[in-house]
Amino acid sequence: MSKFTVVEHPLIQHKLSILRRKEASTKEFRELVDEIGMLMAYEVSRELPLEDVTIETPVAQMTAKQLAGKKLAVVPILRAGIGMVDGILKLIPAARVGHIGMYRDEETMKPVEYMVKLPTDIADRQIFLVDPMLATGGSAALAVDVLKKRGASNIKFVCLVAAPEGVKALQEAHPDLDIYAASLDDHLNEQGYIVPGLGDAGDRLFGTK
Ligand code: PRP
Ligand code: URA
């Protein structure tokens, strides 16, 4: 069954509150999404498997730990997911990056896919699918469909702000998916915006409105 986790780390919560403020500038918004993305990746990567490896320090040989198992891919849902990628790559620099381009039709609120570019071995990778906002859940559910169609099975969805409606819809569509958020907000308004939320993440990140 799908696991939903709100990451309560104090640094994440503090930075998220600054991010939400309507007066946060584009520069501040971008920096904070990057930092929170990194902190979320730190928490989400807690469960990555380790293996023993023999190394030599300047003093002695020892059995040390290194990451084992599947290699990682970070896949942002464009546009806003792009803001989380660099922060994650600071922690996991060897990860590959795929892109899924999708926007939400303002009338229907349904996602429209416009681009998919993924590592060729995506089926063999542990995937962090990232997007700051989980609103109706339509974009995330379609992005997971796209990944599964290409053989991926090991996917974690990482967002910053989630609406209860989106969590429910995504869990119903993909019961095998683990979902991580920095906050579970109250509800969606009639326009499909998360309340209290932080507004339109893509526009705030890129300064397009
Ligand atoms: C936003 C957000 C998600 C989507 C969430 O993207 O970044 O991708 O909406 O909404 P949903 O859960 O109801 O599908 P948007 O469509 O505004 O595109 P943008 O990132 O290009 O601005
Ligand atoms: N997309 C956003 O960027 N913000 C919302 O509140 C909902 C969807």
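None of the figures in this text is laboratory data; all of them are computed from the coordinates on show. All values reported here derive from a predicted model rather than from experimental measurement. Heads up, the Cβs are rebuilt from the backbone with ideal geometry, glycines too, and the neighbour counts pull from every protein chain shown.
Things worth noting here:
- Pairs meeting the criteria (first residue in segment 106-119 and within 21 Å of Gly166 (Cβ to Cβ), second residue surrounded by fewer than 16 Cβ atoms within 10 Å (Cβ to Cβ) and among the acidic types (Asp, Glu), beta carbons under 6 Å, at least 6 apart or on different chains) are Val112/Asp105.
- Unmet criterion (only one of (1) within 22 Å of Gln171 (Cβ to Cβ); (2) within 12 Å of ligand 1 (Cβ to nearest atom); (3) in contact with a helix residue (DSSP H, G or I) (Cβ under 8 Å, 6 or more places away or on another chain)) for Ser153: (2)
- Considering only residues in segment 76-102 that are more than 9 Å from ligand 1 (Cβ to nearest atom) and closer than 15 Å to Tyr114 by Cβ, the one that is surrounded by the fewest Cβ atoms within 10 Å (Cβ to Cβ) turns out to be His99.
- The set of residues in segment 145-154 being surrounded by fewer than 22 Cβ atoms within 10 Å (Cβ to Cβ) and either within 14 Å of ligand 2 (Cβ to nearest atom) or under 15 Å from the mean Cα position of the chain (by Cα) (or both) consists of Asn154 alone.
- The residues in segment 21-60 that are outside any loop (DSSP other than H, G, I, E, B) and either under 20 Å from Ile179 (Cβ atoms) or in contact with a helix residue (DSSP H, G or I) (Cβ under 8 Å, 6 or more places away or on another chain) (or both) can be counted, and the count is 20.
- Any hit, segment 169-185, residues being farther than 15 Å from Lys3 by Cα and either without any contact (Cβ under 8 Å) to a residue 12 or more places away in the chain or not polar (S, T, N, Q) (or both): yes
- Restricting Ala173, Ala163 to residues that are near ligand 1 (Cβ under 9 Å from one of its atoms), closer than 18 Å to Pro111 by Cβ and buried (at least 16 other Cβ atoms within 10 Å of the Cβ) narrows the list to Ala163.
- Scan of segment 61-78 for residues that are more than 26 Å from Val146 (Cβ to Cβ) and either charged (D, E, K, R) or in a helix (DSSP H, G or I) (or both), ordered by number: Lys65
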